[in-house]
Amino acid sequence: MDTSNECTSFFGSAQSSASSALQGLCFCERPTVVKTANTEKNFGRRFVSCENWKINQDCGFFEWLDPKMCSFGRKVVHRLHQRHEYLEAQAKRCETLVEVEVGKVRAENEKKIAQLKAEMESEISQYRK
Ligand SMILES: [Zn+2]
């Protein structure tokens, strides 16, 4: 039974707890892969599994690489994840705003250029007369 419950595991000491599964083979004899859980209960917790995990031909091989996180650690990670998603949404909104503004400026510039061209052409045609 896994008795460790250290919050520090998420930030580095996990390597020492890596089991032989890390460089082993799964039940279907393919090299195992390290993945990171994104469920609320185990967000950010790494595990070793069959490369076909939850896809077709999953042989069922599964082993946690990182120890279970304490409830406080889970809360912190959950909040950081929420904050990250919020900031990403904000950044996307800003990007959209910038794109809209750039589009406006570009359209204005094109209009001005077309106007200047027309003016220049009419001036040139006057000299040619
Ligand atoms: Zn497998």
Top-ranked residue of the range 68-105 - restricted to ones that are under 25 Å from GLU40 (Cα atoms) and among the charged types (D, E, K, R), ranked as surrounded by the most Cβ atoms within 10 Å (Cβ to Cβ): ARG74
- prompt: Hey, among the residues in the range 28-67 that are surrounded by 17 or more Cβ atoms within 10 Å (Cβ to Cβ), in a loop (DSSP other than H, G, I, E, B) and at pLDDT 90 or above, which one's farthest from the ligand (Cβ to nearest atom)?
  reply: PRO67
field: Which listed residue is charged (D, E, K, R) and within 18 Å of the chain's Cα centre (by Cα), from LYS54, LYS104, LYS41, LYS92
entry: LYS92
- request: For the range 71-89, name all the residues that are under 16 Å from THR39 (Cβ atoms) and hydroxyl-bearing (Ser, Thr, Tyr).
  value: SER71
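The values are calculated or read from the model by the stated rules, or taken from the named source; none is laboratory data. The structure displayed is predicted, hence computed values, not measured ones. Quick reminder, even Gly has a Cβ in these numbers, built from the backbone with ideal geometry, and neighbours come from all protein chains shown.
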